[in-house]
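What follows is a set of notes on a single structure, which appears directly below.
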Amino acid sequence: MEFEAQLLQQLEIEKDREIINRRPVRIDPARIRRRVWLNNLLQRVFSLSTAFAIAVLAILFYQIISQSIGWLDWQFLSSNLSIFPEKAGIWGAIVGSIGLILIVIPVTIVLGVSTAIYLEEYATEGRLRDFIRINLSNLASVPSVIFGLLGLSLFGRILHLGSSILAGGLTLSLMVLPIIVVSAQEAIRAVPGFLRDGSYAMGASKWTTIWKVVLPIALPGILTGSILSVSRAIGETAPLVVLGIPALIMRVPTSVMDDFTALPIQIYYWTLDSVLTREYANLASATIVVLLLVLFLMNSIAIIIRNKFQKSY
Amino acid sequence: MDGRTDVRKMIQDNISHKANRVDAVMPKFLLVMASMSVLTTVGIVLTLFFDAFKFFRQVPLSEVFSTDLAPLSADPSFGILPLINGTIFTSLIAMMVAVPIGLAAAVYLSQFASFNKRKVLKPMLELLAGVPTIVYGFFAYSFVTPLLMRLIPSLGSKNVISPGIVMGIMIIPMVASLSEDAMNAVPDAMREGALGLGSTRFEVAVKVVLPAAISGIVASFVLAISRAIGETMIVTIASGSNKNFSFDITQSMQTMTSYIVEFTSGDAGAGTTGYYSLYAVGLILFVFTLLMNLLAQYISKKYREVY
């Protein structure tokens, strides 16, 4: 007992000595002021760089809209291409873009949703599932121009589709496939497990459960994802140019096997031509306005669907 | 009146009827659909290798790795170095714009911005990512280049600086959102601990959050490089098709992607060496971007701090 008390006393003394010997803590107001000043300065720098990115966006919109004023009218939308800038219109390009959408939507929804259902509902943990997943994430980052080369070989030359709407639509479908798969996967994963269990408990088979319970609930998410992937597809230029879309198509396409032009392609050729004739830059910006409006509309619909129909459990 | 047997009979009927036939077929059908994405990759690799192989058989390696590129002249030459040079320069300029601004935006959004500001700013940045690249190409060529010409009078109408900068602006949202995700994954307890010890927000960001999120941030840079290398329309429009090997960024340079676009729209006949050269360039581009992606995945997996 005595020994313990002695030890405690010893410790007390050492603690006191340590506190006495410790360097006194001094609050340095100048240093704190400097640190706060630096903090405030950099907060401003960081917020300005965010603002810079958004300002560029504003300048871009302003520039394009101001150049399109006077050119974007009904005549421009409804008439066909012409060698005279004043008479040129984008009706053919609009029809071409709609044709592309009509191919991309069914192909990507069937392929993408099937893949997502397989990965989420059927595939067991293992090599095959990991392989498909890694493959999808790598496919998502393949440059779009490479998909153009694939389309040129596979659809253009081997399947003899040439540079038709069908070839372009299929090429774009493969390109946006990873986007729709990932969003459909998320939508399916968000369906709570107790609904599946309830369905099984009622005697429903696996496919009936997926078809009648999981998919209807996941539908808004799937639709949102497919709209976003389609809007990615119609803004894409490089794969179509690589497929060999001719520069000047005067005829409005009437079937999926026809050669065609689309809105982004028209923007590309008119931008290149603006070196020779200034007016082509106006035509290009008017087309950009149309393209951006279409994209804006599609994205708004996607957001509305997501907010209105998505239930949370 | 035994209701239970009725239900059991109904289930038995269901099981023995077509329902289970569908159940047997659907997994197979879905597997076939799921393998389409794998087939797409196989298709890409096969077409690239197949035609690139023909190219490498026709053109000696010493010529491929030369600085002499003249695919359309009477005595064609297929040196690939000018294209790699152009790709590196445009991507480098893009990264010089995208990395500091993207990272600053990420720090601002995750450390400084109030909830309400974040709710407004984030969708606006995402809008920047949603603009098609052809629109950026037009913007670079018809607005940024003339603007830069006032600052640098010797600037060519096709040059490397303007598409580089615009490409960087295009990539900012990507760097910002990926880096921000990495920073948000850092637990709040660490942030609050540092703040509680008297750090300023900036010190928390630089000394606590950045080191903890560094793997995700570096991975976002690598993915951004891969995106810049593969970007096509901006460089095709604004950087032109000068095939000389030079280091003058005020003049036109051709990148790998714009070579592919220029040559296909120039109607290269199938079967010529020029046609196969597209696939050789495509193969190199594909390998470049694939390596960058694998590197990004490796970095974010290997150096991730787990809390």
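Tabulated values for the structure
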{"quantity": "Entirely in segment B:174-279, the helices (runs of 4 or more DSSP H) that have 3 or more residues that are within 11 Å of another protein chain (Cβ to nearest Cβ)", "calculated": "B:210-230, B:233-239, B:256-265"}
{"quantity": "Unmet criterion (only one of (1) touching a helix residue (DSSP H, G or I) at 6+ places or on another chain (Cβ under 6 Å); (2) under 22 Å from residue A:64 (Cα atoms)) for residue B:112", "calculated": "(2)"}
{"quantity": "Unmet requirement for residue B:277, which otherwise passes all of (1) modelled with pLDDT under 90; (2) within 21 Å of residue B:160 (Cα to Cα); (3) buried (at least 23 other Cβ atoms within 10 Å of the Cβ)", "calculated": "(2)"}
{"quantity": "The listed residue being among the hydrophobic types (A, V, I, L, M, F, W, C), free of Cβ contacts under 8 Å to residues at least 24 places away in the same chain and farther than 30 Å from residue A:195 by Cβ, out of A:283, A:263, A:293, A:243", "calculated": "A:293"}
{"quantity": "Candidates B:153, B:123, B:146, filtered to the one that is more than 8 Å from chain A (Cβ to nearest Cβ), farther than 24 Å from residue A:288 by Cβ and surrounded by fewer than 24 Cβ atoms within 10 Å (Cβ to Cβ)", "calculated": "B:153"}
{"quantity": "Total residues in segment A:211-230, condition hydrophobic (A, V, I, L, M, F, W, C), within 15 Å of residue A:112 (Cβ to Cβ) and within 14 Å of chain B (Cβ to nearest Cβ)", "calculated": "4"}
{"quantity": "Of the criteria (1) among the β-branched types (Val, Ile, Thr); (2) assigned by TED's automatic domain parsing to the domain that holds residue A:271; (3) at pLDDT below 85, which one residue A:20 fails", "calculated": "(2)"}
{"quantity": "Criterion violated by residue B:101 - all others in (1) under 29 Å from residue A:230 (Cα atoms); (2) within 10 Å of chain A (Cβ to nearest Cβ) satisfied", "calculated": "(1)"}
{"quantity": "Single unsatisfied condition, residue B:135 versus (1) without any contact (Cβ under 8 Å) to a residue 60 or more places away in the chain; (2) within 10 Å of another protein chain (Cβ to nearest Cβ); (3) surrounded by fewer than 22 Cβ atoms within 10 Å (Cβ to Cβ)", "calculated": "(3)"}
{"quantity": "Enumeration of residues in segment A:234-289 that are more than 12 Å from chain B (Cβ to nearest Cβ), hydroxyl-bearing (Ser, Thr, Tyr) and more than 15 Å from residue A:82 (Cα to Cα)", "calculated": "A:254, A:255"}
{"quantity": "Of residues in segment A:129-178 being facing chain B (nearest Cβ under 9 Å) and of a type in the set (Phe, Trp, Tyr), the one most open to solvent (accessible area, probe 1.4 Å)", "calculated": "A:131"}
{"quantity": "Residue under evaluation residue B:108, criteria (1) within 11 Å of chain A (Cβ to nearest Cβ); (2) open to solvent by 10 Å² or more (accessible area, probe 1.4 Å); (3) modelled with pLDDT of 90 or more; (4) within 17 Å of the chain's Cα centre (by Cα), criterion not met", "calculated": "(4)"}
{"quantity": "Within segment A:215-279, helices (runs of 4 or more DSSP H) holding 3 or more residues that are surrounded by fewer than 19 Cβ atoms within 10 Å (Cβ to Cβ) and of a type outside the set (Val, Ile, Thr)", "calculated": "A:215-234"}
{"quantity": "Scan of segment A:179-209 for residues that are among the small types (Gly, Ala, Ser), open to solvent by 50 Å² or more (accessible area, probe 1.4 Å) and either at the interface with another protein chain (Cβ under 8 Å from one of its Cβ atoms) or more than 30 Å from residue A:147 (Cβ to Cβ) (or both), ordered by number", "calculated": "A:201"}
{"quantity": "Test result for residue B:81, farther than 27 Å from residue A:119 by Cβ and open to solvent by less than 30 Å² (accessible area, probe 1.4 Å)", "calculated": "no"}
{"quantity": "Any hit, segment B:74-91, residues being hydrophobic (A, V, I, L, M, F, W, C) and within 14 Å of another protein chain (Cβ to nearest Cβ)", "calculated": "yes"}
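The values are calculated or read from the model by the stated rules, or taken from the named source; none is laboratory data. In this text, all values refer to a predicted model and were calculated from it rather than measured experimentally. Ideal geometry is used to build each Cβ from the backbone, glycine not excepted, and the neighbour counts take in all protein chains shown. Only protein heavy atoms, including side chains, enter the accessible area calculation; ligands, DNA and RNA are left aside. Shrake-Rupley method; radii C 1.70, N 1.55, O 1.52, S 1.80 Å.
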